[in-house]
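The values are calculated or read from the model by the stated rules, or taken from the named source; none is laboratory data. All values reported here derive from a predicted model rather than from experimental measurement. Glycine also receives a Cβ, built like all others from the backbone with ideal geometry; neighbour counts cover every protein chain displayed. The protein model used for the area step is the full one, side chains on, heavy atoms only, and it has no ligands, DNA or RNA in it. Shrake-Rupley method; radii C 1.70, N 1.55, O 1.52, S 1.80 Å.
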Amino acid sequence: MLSLLEAVAEPPATAEQATSWVDKRGTLLHPGMQQLQSAIDSHLAFVARIAAANGARNQQQGAVMSEALGQGLASEGIDMQRMQRDPAYAQSVQERIRRMSPAEQMAFAQRMSQPLNSDRRFVNQAQAMVEDAPAMRAAASAGEAYVRAQPQRLAQASAIWAEAEKEVERIRARRLVAGVPKPATEWDNIGCDKACRGQWDAYAAKMLPLMIARDTEILAVRRAALQRQRAAVLAELKSADQHLSASAYGAASRSDVNQSAIVAYDQAAIAEIVALRERTIDAVKSAAIVAHCGKQLVLVPLAACS
């Protein structure tokens, strides 16, 4: 778990360096971040197998309970299969139970539950929850608290990025001054002759570095936001890593409640790492656009980068 967080690479320092992370189409090239996605997928598959095993166990428990219920009903002269297919018969059984006194109903329920209580295949979930290993109970308790606090963590992350993007807007709103006049005729206009294109080249030579510098400044703002986001989740992910490792992700738990809480704990923690990875990649992609396109983006801003 913690190794996945540590594998989220720090974004590059400049827009020019961002071009080594992604190609012109925005496809991720960074080997470490590619490997991280594979590692996350493998981890999720591992925990999913644990959850699937729990699901299979629940199905088995359901079959045991159904079998025991049939035995209990049969001991009272009630045909469970007929009840399922014959509404009139089912209603007559219900009427029979309703006519019983409270004491008779309690005795009836005790006789009905006897086959289940004596079946060693049946796991009493209330008992299993209490008797689970200490590491399982601790992980489940920590997981429940972590999941309850997730909306608050999401709100904190949103606040970090809202502040960062306001700063980005302020940077983008500043007018870039190339120091040379921008040609009046569009570069791709049929009337833009050789002299006109020369003027555009001179303009692009001055404007492009300013645009790239602006993207580097924006990248720095987003780098700082990413560092704040990482710091905000680090302590709790360290704790999650300890609990999840100690409990082996709930694989040996006999308690459905505990195991479900442990699996949910892992999913919520992994979501923090995925969010940090995606934010990092988005920041780098944005920073690399102008540096990748070069002066083409100055000459024909709306054209596709080629």
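The figures follow:
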quantity: Meets criteria (loosely packed, with under 12 Cβ neighbours inside 10 Å and modelled with pLDDT under 80) for Ala74; calculated: no
quantity: Where a residue in the stretch 221-239 is touching a residue at least 12 places away in the same chain (Cβ under 8 Å) and of a type in the set (S, T, N, Q) and its partner, wherever it lies, is in a helix (DSSP H, G or I) and open to solvent by less than 60 Å² (accessible area, probe 1.4 Å), with Cβ under 9 Å and at least six apart; calculated: Gln229/Ala157; Gln229/Ile160; Gln229/Trp161; Gln229/Glu272; Gln229/Ala275; Gln229/Leu276; Ser239/Ala142; Ser239/Tyr146
quantity: Pairs with Cβ under 6 Å, 6+ apart, first in the stretch 179-207 and at negative phi, second among the charged types (D, E, K, R); calculated: Val180/Lys206; Tyr203/Lys182; Ala204/Lys295
quantity: Residues located in the stretch 14-26, provided they are of a type outside the set (D, E, K, R) and either at pLDDT below 95 or open to solvent by less than 50 Å² (accessible area, probe 1.4 Å) (or both); calculated: Thr14, Ala15, Ala18, Thr19, Trp21, Val22, Gly26
quantity: Counted residues, the stretch 129-169 - those being aromatic (Phe, Trp, Tyr) and surrounded by 19 or more Cβ atoms within 10 Å (Cβ to Cβ); calculated: 1
quantity: Checklist (1) within 18 Å of Arg214 (Cα to Cα); (2) surrounded by fewer than 17 Cβ atoms within 10 Å (Cβ to Cβ); (3) among the charged types (D, E, K, R) applied to Lys295, failing item; calculated: (2)
quantity: Only listed residue being part of a loop (DSSP other than H, G, I, E, B) and among the β-branched types (Val, Ile, Thr), chosen from Val147, Val168, Val177; calculated: Val177
quantity: Pair list, Cβ under 8 Å, 6 or more apart: the stretch 14-33 residue hydroxyl-bearing (Ser, Thr, Tyr), other residue in a loop (DSSP other than H, G, I, E, B); calculated: Ser20/Pro12; Ser20/Leu29; Ser20/His30
quantity: Odd one out for Ile262, checked against (1) among the hydrophobic types (A, V, I, L, M, F, W, C); (2) closer than 30 Å to Met207 by Cα; (3) crowded, with 18+ Cβ neighbours inside 10 Å; calculated: (2)
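Every residue, every condition in (1) exposed (fewer than 14 other Cβ atoms within 10 Å of the Cβ); (2) touching a helix residue (DSSP H, G or I) at 6+ places or on another chain (Cβ under 8 Å); (3) part of a helix (DSSP H, G or I), yes or no:
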position	(1), (2), (3)
Lys182	yes, yes, no
Thr185	no, yes, no
Cys192	no, yes, no
Gly198	yes, no, yes
Lys206	no, no, yes
Glu217	no, yes, yes
Gln227	yes, no, yes
Ala231	yes, no, yes
Val257	no, yes, yes
